[in-house]
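Step one of this worksheet: look at the structure below.
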Amino acid sequence: METKEVQKAVIPVAGFGTRLLPATKSVSKELLPVVDIPAIQVIVEECIESGIEEIIFITGRGKGSIEDHFDYDYELEKLLEERGKYDKLEKVRKISSMIRTVAVRQKKPLGLGHAVYCARDVVGDEPFMVLLPDDIITADPPCTKQMLEIYEKYGQGVVTVMEVPEEDVSSYGIVGGESWAPELYRVRTLVEKPDPDIAPTNLAVIGRYLLPPVIFDYLEDATPDDSGEIQLTDALARLARERALVGYEFEGMRHDIGDKLGFLTANIAHALERHDLGPELRDYLRAKLDEDVL
Ligand code: UTP
């Protein structure tokens, strides 16, 4: 199928991150590290490895340091050069030359749907990715690349879905529909945080979306919910109803780092994978668990 190329990714970072307070009072949650890499860099690297060419950050008050992270830092580079710390200099330079970034300000945190709508002028009339930086997904190929492949095949919007325990469905957007190929669902309905009794499935929408530009029209028409927020789920539900939406059960491991436990497990899982940290951390965890058993 002939499809327009997906070149741009929108990453909303304007939320307050209240679940991780007080850590996030003056530090953006997106800059909290997964071992020694800020979460937002892990997400940007996923985009680059998937062939995305431009990142659009939706920022808010106090989020300037995210833009700074991807900008040149001449003073730091000069200092590292003078001190002969060339390995660190290379790491710092790599970040600033990674990819083209644009920042659009969301003046009020009026919800995820509103945040995505803020990217309308920069995205234009093209399909685009949305990545929520809370969801750190380890996968090979990267989750975004898997989604681009689905899009190239079917030419429709794609959302990633994941099975969650029944008691957790009320914390997610849940899809309803039917499976039509391994790992693929034709999404018919989407319900935000449903009561387990009325949830159509236990398939939760995770923070990766590949969206056609018509989503901006749906977001423009969307009415705010009781808390005054524009939900992306409502626009996705309309997309599923009026056009088509594929639910894709991605291959990979996902951690929600916006949540305390998810933040810890992401750090442990990533550290265990590293040659420089994995063996010692494994020994430490084993010893600690043995202690607890005694
Ligand atoms: P969350 O619902 O996780 O909100 O937003 P949050 O403020 O980041 O975190 P908590 O729940 O208070 O701990 C999902 C994503 O949407 C962005 C957030 O930055 C996050 O990446 N977002 C949310 C916006 O950019 N603008 C908004 O108005 C709301």
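Rule-based calculations on the coordinates, nothing more; no lab input. Just so you know, these numbers come straight off a predicted model, no measurement behind them. So basically every Cβ, Gly included, is an ideal-geometry build from the backbone, and we count neighbours across all protein chains shown.
Between helix 143-154 and the chain there is an angle of about 30 degrees, using the helix long axis and the longest principal axis of the Cα atoms. Projected label points at Asp217 and Glu53, each 7 Å from Cα along the beta carbon direction, are separated by 2.6 nanometres.
Cα-based radius of gyration for the range 26-150, normalised by 2.2 N^0.38 Å, reads 1.14. Output the relative contact order of the range 1-115, whole-number percent, from Cα pairs under 8 angstrom with separation of 6+ residues. Normalised by residue count, the contact order of the range 1-115 is 33 percent.
Of the peptides 10-21, 220-231, the ranking by mean beta-carbon count within 10 Å, highest at the top, reads 10-21, 220-231.
Put a dot 7 Å past the Cα of Arg274, heading toward its Cβ, do the same for Ser227, and the two dots end up 3.4 nm apart. Taking a straight Cα-Cα cut-off under 21 Å and skipping sequence neighbours fewer than 8 places away in the same chain, the lysines within cross-link reach of Lys85 are Lys94. Rg ratio for the range 129-175: its Cα radius of gyration over 2.2 N^0.38 Å, N being its residue count, equals 1.31. Packing-based ranking of 166-173, 200-207, 282-289 yields 200-207, 166-173, 282-289, ordered from highest to lowest mean Cβ neighbour count within 10 Å.
Contact order, relative form, for the chain: 22 percent (alpha carbon pairs under 8 Å, 6 or more residues apart, mean separation divided by residue count). Using Cα atoms only, what is the angle between the long axis of helix 39-49 and the major principal axis of the chain, expressed in degrees (0 to 90) to the nearest 10? For 39-49 against the chain, the angle is about 70 degrees.
In plain terms, the bigger the Kirkwood radius, the slower the diffusion; for the range 188-294, with that radius from Cα pairs, at 20 °C and 1.002 mPa s, Stokes-Einstein puts D at 122 µm²/s. Taking Cα centre as origin and charging only the Cβ of basic (Lys, Arg, +1) and acidic (Asp, Glu, -1) residues, the dipole magnitude of the range 104-261 rounds to 460 debye.
Among 233-240, 181-188, sorting by the average number of other beta carbon atoms lying within 10 angstrom of each residue, highest first, gives 233-240, 181-188. For the range 6-73, the Kirkwood hydrodynamic radius from C-alpha pairs, put into Stokes-Einstein at 37 °C and a viscosity of 0.692 mPa s, yields a diffusion coefficient of 259 µm² per second. Taking Cα atoms only, the orientation of helix 232-242 departs from the longest principal axis of the chain by about 40 degrees. Our Cα-only numbers for the chain put the radius of gyration and Dmax at 19.9, 64 Å.
Using the rule -39500 (n - 2.57) for each DSSP H run of four or more residues, divided by the residues of the chain, the 222 nm mean residue ellipticity is -10500 deg cm²/dmol.
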